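Reviewing the structure listed below.
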Amino acid sequence: MKPFTPSSAIPRRCNLNPTALAMVTLVAQAATTLLFLAAPAAALAEEGLREPTDWRYDGASGSSARTKAAFSAKEQVVKQLFKKAGAAFPPKALLMRVYKAERRVEVWASSSRNKAYKLVAKYEICSASGVLGPKRKEGDMQVPEGFYIIDSVNPHSNFYLSLHVNYPNASDRILSNEKRPGSAIMIHGNCVSAGCLAMSDERIQEIWVMTQKVREAKGPVDVHIFPSADWATVLKSKHYTSHKDFWINLKEGHDIFEKTLIPARYTVDKKGKYVFTK
C-alpha cells in the first residue's frame, strides 16, 4: 500500500465564492482531485454500486426549486431502493459509512436508531481530495475520519445540493489544530472537491431525498468516515504508522456496527479518544 501526495493547488474549502469555485473547477479538470489510494477496478465494478454520472443540474437556482427537482426525479427511485433492501420508507434514521480508499459511501437506514439498520445503497465517490488519515488543520485538504452527523443542509450550494458534516467534532477539537482545525466539510453534488465528498449531481439527489425524509422525522443522520474497509492492510502499512492508534480506535466503533447493525454510542475522553458504549 503506497501513499499519495496531496495537491497543494486546490483551494481550502468546499464552501467557495463564485471566483474560487471557478478556480477549483479548473484545477479539478486539469488534475486528479481524488488522491486516495486507487481502488482496484474490480472494487469499483462492485455489483450494485451506484456510480457517479455526468448529468448536471441546470434548472432554477432557488432552494425550493432544487429540492423539488430532486424529489421529482428521485423519490420513486429511492423508494425502490428501500423496497429492494426490505427497509421501511420513509426512514427514521440514516447512516452513511464512508470508506476512503475504496471511494465508497454506504447508506444504511432504519425505522429507529435503536433497531437494526439495513443496507439500502452503495455509492462510488466521484471526487475527494487528500490522503488516508484524519483531518487535523485548515488547508490540509483532508477528508476527516471519525464519527459525525449531518447537522445542516444547503439546497443553494455552489455544488448543487450539500450536506454539512459536523467537523470538527469533540474528538477533532482536541486532536486537531487548536486555532484553525478547518471547517465546511460537505457531502455534495458536482465532481470537484476540496476536502469534501463530491458524489455527482444525480447521486446527491438520491442521498438528499433520503436525508430530507429523516430530517422531516427529526431522526439522526450519522456519518462514519473510515480510511478503508481493509483494516488489516492499513493497520500493518508502514506508510501510516502515525495513524495506527487512531485507526484502531475507529475500528472499535466500526466493528460494533458490524456485529449489531446499530451505530455505536460513544463519548470522547480528554485525550480525544472515542469511548464506546457496549
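Every number in this text was worked out from the coordinates using simple rules, so none of it is lab data. What you see is a predicted model; the values in this text were computed from it and never measured. Methodologically, a virtual Cβ is constructed for each residue, glycine included, from the backbone with ideal geometry; neighbour enumeration extends over all protein chains shown.
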Of the candidates Gly195, His224, Ala69, the farthest towards the positive dipole end of the stretch 18-277 (Lys/Arg Cβ +1, Asp/Glu Cβ -1, centred on the Cα centre) is His224
Length gained, Arg56-Lys68, 0.36 nm per residue minus C-alpha separation, equals 2.8 nm
Reduced to Cα centres, the span from the stretch 197-250 to the stretch 108-123 in Å works out to 14
By Cβ neighbour count within 10 Å, fewest first, Thr211, Thr277, Thr53 rank Thr277, Thr53, Thr211
Taking R0 as 51 Å and r as the Cβ-Cβ distance between Glu47 and Lys179, the FRET efficiency 1/(1 + (r/R0)^6), rounded to the nearest 0.05, comes to 0.65
Here FRET efficiency (C-beta to C-beta, Thr277 to Lys83, R₀ 35 Å, nearest 0.05) is 0.60
Stretched fully, the stretch from Lys251 through Ser112 gains (0.36 nm per residue minus C-alpha distance, one decimal, in nm) 47.7 nm
Under the Karplus relation with 6.51, -1.76 and 1.60 and θ = phi - 60°, whole-Hz ³J(HN,Hα) for the stretch 179-196, x at Gly and Pro, equal 8, 9, x, x, 6, 6, 8, 10, 10, 9, x, 6, 9, 10, 8, 9, x, 10
Here the averaged projected area of the stretch 18-277, based on the convex hull of its alpha-carbon atoms and given in nm², is 13.8
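Find out how many positive minus negative residues lie around Tyr123, taking Lys and Arg as positive, Asp and Glu as negative, among other residues whose Cβ is under 10 Å from that of Tyr123. Each step should come with its number before you reach the end.
On the way: positive: Arg50, Arg103, Arg104, Lys122, Arg203; negative: Glu51, Glu106, Glu124, Glu206.
Overall, the nearby charge balance is +1.
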Hits in the stretch 170-206: amide N under 18 Å from the 7 Å Cα→Cβ extension of Lys270, namely 170-176
For Glu258, placing the label point 7 angstrom along Cα-to-beta-carbon and taking the stretch 89-132, residues whose amide nitrogen sits under 18 Å are 96-108, 117-119
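Please report Ile187, Ile248 as a ranked list, fewest other C-beta atoms within 10 angstrom at the top and most at the bottom.
Ile248, Ile187
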